[in-house]
Amino acid sequence: MHKKLLNLLKRKYGFYLSLVFFIFPIAYILDGSYPKYVLFLTILAITSYIGMLYTKNKILIFLEWFYLIAYISYTTIVFYPMNILFSFYLSNLLVWHFQDKYYTYRTISFFITINCLTLYIIANPTLNIGDKIVLFIFSSMCIITYFSQKYSYERHKLKNERLKHNEHINLLLAENERNRIGRDLHDSIGHTFVMLKLKAELAEKYLEKNNIEATRKELKEISEISSASMTETRSIINKLKHRSINEELKVISDIMTMADISLDIKTNMTTSPSQLVEWTITMILKELTNNVIKHSNANKCNIEINESNNNYTVIISDNGNGFENINGTELSSIRERIKLVNGVIDITSKKSPTTIKVTISKLK
């Protein structure tokens with residue numbers, strides 16, 4: 001029980017840190033600036049604040065929320081206008097605990113409270129102009145802080161959702177790859193093992209009958225089948241290491257479908273590139289499309305691969321976020337990779353759409 005309580009406190013330590021500001025009304029009570037009954041109201045406000053962090057009862061949360069609003073309003077109007085800053089407690093709860101949207105009763109009551117208290121401060125005849133300006137700035141900060149926290153929370157939430165989505169895609173791709181490897185091994189090596197077993201049994205029967213010539217023939221065929229199987233297995237392994245361009249495009253198409261991104265592919269290649277050039281093109285396709293999926297927030301992507309007398313050109317465009325600024329250091333890993341094939345990368349459009357062009361020299 002003690003350990004469980006410590007875990008709860010650890011997860012919500014940020015909310016507890018802000019409780020330090022309740023020291024001000026308590027200090028004013030101790031020095032006689034506030035009447036003693038405010039201590040009871042303050043303890044009840046702290047209890048309501050903490051209670052909202054743990055209770056699941058909607059009625060209790062409703063009562064605790066509006067008590068905290070009443071406490072802030074009462075102490076601001078009756079005792080000290082600077083108590084409007086306790087509204088930060090409300091905004092923290094709204095964004096980081098309740099994660100409310102804009103049209104919940106808590107969000108609406110928060111804005112009504114802030115605006116009404118601000119109007120009270122402006123209309124208060126006992127305050128001079130300087131104090132009113134300062135308090136107006138502080139009340140505005142409460143609202144600005146809410147929106148900045150809301151923006152930060154939404155970005156954080158979107159980032160986490162994107163990471164989960166990418167993780168799900170990676171799991172699906174891994175499963176798809178395992179299934180493909182399993183099919184290839186089953187179709188090739190499985191059949192080979194059956195043949196080897198039959199040939200070995202047949203050779204054993206010939207040997208029992210002292211038919212040495214027939215046994216030698218079967219053993220020779222076993223050797224040939226084993227050699228062919230070894231060559232085929234190496235071929236499967238090489239394909240796992242280095243996909244062809246068409247195979248890579250097929251995988252990319254599957255990934256884009258999983259990521260809900262519309263993909264259009266156009267290829268204009270009439271010759272087969274060298275192994276190094278093909279490997280480089282597949283790596284470029286993989287890295288650039290991964291960037292589209294993970295960072296762009298795009299829903300459309302185009303891939304175009306063209307061939308000229310001396311070069312291959314890969315053009316990838318999307319309708320996502322793009323680049324804010326371009327200083328020539330972007331996509332550094334691709335820049336390093338294409339040096340081996342005399343390649344050049346150019347961001348021809350940084351946004352709306354984002355277009356990246358990679359030109360690779362044909363190696364003779």
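The values are calculated or read from the model by the stated rules, or taken from the named source; none is laboratory data. Predicted model, so just to flag it, every value in this text is computed and none were measured. Every residue, glycine as well, gets a Cβ built from its backbone with ideal geometry; the counts of neighbours run over all protein chains shown.
Contact annotation: residue pairs with Cβ atoms under 7 Å, 6 or more positions apart or on different chains, pairing a residue in segment 251-272 that is over 13 Å from residue 290 (Cα atoms) with a partner that is of a type in the set (Asp, Glu), are 266/304; 268/307; 269/307; 270/307; 271/307. Only a single item in (1) among the hydroxyl-bearing types (Ser, Thr, Tyr); (2) over 17 Å from residue 339 (Cβ atoms); (3) part of a strand (DSSP E or B) is not met by residue 312, and it is number (2).
Determine if segment 314-322 includes at least one residue that is hydroxyl-bearing (Ser, Thr, Tyr) and either modelled with pLDDT under 90 or exposed (fewer than 15 other Cβ atoms within 10 Å of the Cβ) (or both). No, the conditions are met nowhere in segment 314-322.
Output yes when any residue across segment 259-274 is among the aliphatic types (A, V, I, L, M), in contact with a strand residue (DSSP E or B) (Cβ under 6 Å, 6 or more places away or on another chain) and under 24 Å from residue 161 (Cα atoms), and no when none is. So far as segment 259-274 goes, yes, one or more of its residues are among the aliphatic types (A, V, I, L, M), in contact with a strand residue (DSSP E or B) (Cβ under 6 Å, 6 or more places away or on another chain) and under 24 Å from residue 161 (Cα atoms). Looking only at residues of segment 71-118 that are modelled with pLDDT of 90 or more and among the small types (Gly, Ala, Ser), we find that the one that is nearest to residue 61 (Cα to Cα) is 109.
Against the test of being surrounded by 15 or more Cβ atoms within 10 Å (Cβ to Cβ), touching a residue at least 24 places away in the same chain (Cβ under 8 Å) and closer than 18 Å to residue 25 by Cβ, the options 67, 74, 49 yield a single qualifying residue, 49. Within segment 32-56, the set of residues being in contact with a helix residue (DSSP H, G or I) (Cβ under 9 Å, 6 or more places away or on another chain), farther than 18 Å from residue 77 by Cα and outside any helix (DSSP H, G or I) comprises 55 only. From the list 231, 192, which residue is surrounded by 15 or more Cβ atoms within 10 Å (Cβ to Cβ), of a type in the set (Val, Ile, Thr) and either modelled with pLDDT under 75 or over 30 Å from residue 320 (Cβ atoms) (or both)? Exactly one residue qualifies, and that residue is 192. Figure legend. Inter-residue proximity from segment 209-232: first residues without any contact (Cβ under 8 Å) to a residue 60 or more places away in the chain and part of a helix (DSSP H, G or I), second residues among the basic types (Lys, Arg) and surrounded by 15 or more Cβ atoms within 10 Å (Cβ to Cβ), beta-carbon distance below 9 Å, spacing 6+ or different chains. Indicated pairs: 218/199; 219/199; 221/199; 222/199; 225/199. Residue 356 meets the stated requirement of being under 26 Å from the mean Cα position of the chain (by Cα) and part of a strand (DSSP E or B).
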